[in-house]
Amino acid sequence: MIEPKKRALQRIQLEPAQQLQLENLQRRNFLRGGLTVGAMAMLSGCNLQDGDQVDKVLWAMSRWNDRVQAWLFSGQKLAPTFSKAQVNNPFRFNAFYSEDDVPEVDLSTWKLGVSGMVRDKAPWTLEKLRQLPQRTDITRLICVEGWSAIGEWGGVPLRSFLEHVGADTSAKYVGFKCADRYYSSLDMPTALHPQTLLALDFGEVALPPDYGYPLRIRVPTKLGFKNPKHIVELFVSNDYPGGYWEDQGYNWFSGI
Ligand SMILES: Nc1nc2c(c(=O)[nH]1)N[C@H]1C(S)=C(S)[C@@H](COP(=O)(O)O)O[C@H]1N2
Ligand SMILES: [Mo]
């Protein structure tokens, strides 16, 4: 398999901004093992000095790849599960800031806002969420930075929640906003996947601050960055919501 982007980068002197864009796109396509030969043929049709044009073609292809992957994904393939003895303790922390800056969420004012293509937009308290059916899975969280850890997460299957609020499940996306500026989004089949949880618990106790108190997404069929912590709002939409890392070039689909 040729690596057309690398070759293009070697041959052509790019402006720093163009170089950065191409590197973002390389990261975005990294998980899929680079561009196809057909894509390279398309690329060679444009002037590689023209950053805008190259970016447009590469981004379009990346989106196309997302659509193909979403289509291939049945929505029901289960992620591997593990035994309690395999849980990593202590669990690893990660965020775009250090542990000292973990947001302190005040439960007396915290609510989960619900918006977009849903029948019932009333906000949810943690207490109300705990009254919905719960599920627990011991799964592996895999970070794109190259580490992984096994943990036990419990909470409300996102599917049950979406059904409860009368979400339009024919919509394309479920998006999440967090208490710390972080945001992310899932394709609807993944949102309806049986192992995708609105997680409230971590190892049988309420989520500790580091791991997303009071509510996070736990989606074992996706990379770590698609597991937003400290969620404050959930919305259903047909408009592509992107994400904190996704908008910096990481592949939006990033999973199975
Ligand atoms: N709100 C918020 N959620 C986030 C992040 C973040 O910076 N802020 N980082 C993501 C990344 S990159 C990873 S790998 C996981 C890490 O989760 P952990 O701290 O439970 O290991 O959280 C994800 N969710
Ligand atoms: Mo991550």
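Rule-based calculations on the coordinates, nothing more; no lab input. What you see is a predicted model, and the numbers here were worked out from it, not measured in a lab. Here the Cβ is made from the backbone with ideal geometry for all residues, glycine too, and neighbour counts use every protein chain on show.
Based on the alpha-carbon gyration tensor of the range 84-248 and its eigenvalue square roots a ≥ b ≥ c, which shape applies: rounded if a/c is under 1.5, prolate if not and a/b is larger than b/c, or oblate? Judged from the Cα gyration tensor, the range 84-248 comes out rounded (a/c under 1.5).
Working note: Karplus 6.51/-1.76/1.60 with θ = phi - 60° gives the range 82-99 the couplings 10, 8, 4, 5, 8, 5, 7, 9, x, 7, 8, 9, 8, 6, 7, 9, 7, 4 Hz, where Gly and Pro are set to x.
A simple packing score, the average count of other Cβ atoms within 10 Å per residue, orders the peptides 86-99, 155-168, 201-214 as 155-168, 201-214, 86-99, with the highest score first.
If the reach is capped at under 30 angstrom between alpha carbons, list the lysines near K121, excluding any in the same chain fewer than eight residues apart. Cross-link targets: K111, K172, K177, K222, K226, K229. Ranked by the mean number of other Cβ atoms within 10 Å of their residues, highest first, the peptides 238-246, 187-195 come out as 187-195, 238-246. Using C-alpha pairs below 8 Å separated by at least 6 residues, the relative contact order for the range 200-246 is 26 percent.
If you take the square roots of the eigenvalues of the alpha-carbon gyration tensor of the range 73-127 and sort them as a ≥ b ≥ c, do you get rounded (a/c under 1.5), prolate (a/b over b/c) or oblate? Cα axes put the range 73-127 in the oblate bin. Coupling constants for the range 151-159 follow from the phi torsions by the Karplus curve (6.51 cos²θ - 1.76 cosθ + 1.60, θ = phi - 60°), and in residue order they are x, 10, 10, x, x, 8, x, 4, 4 Hz; glycine and proline get x. All other residues whose Cβ lies under 12 angstrom from that of Y183 are scored, Lys and Arg at +1 and Asp and Glu at -1, for a net of 0.
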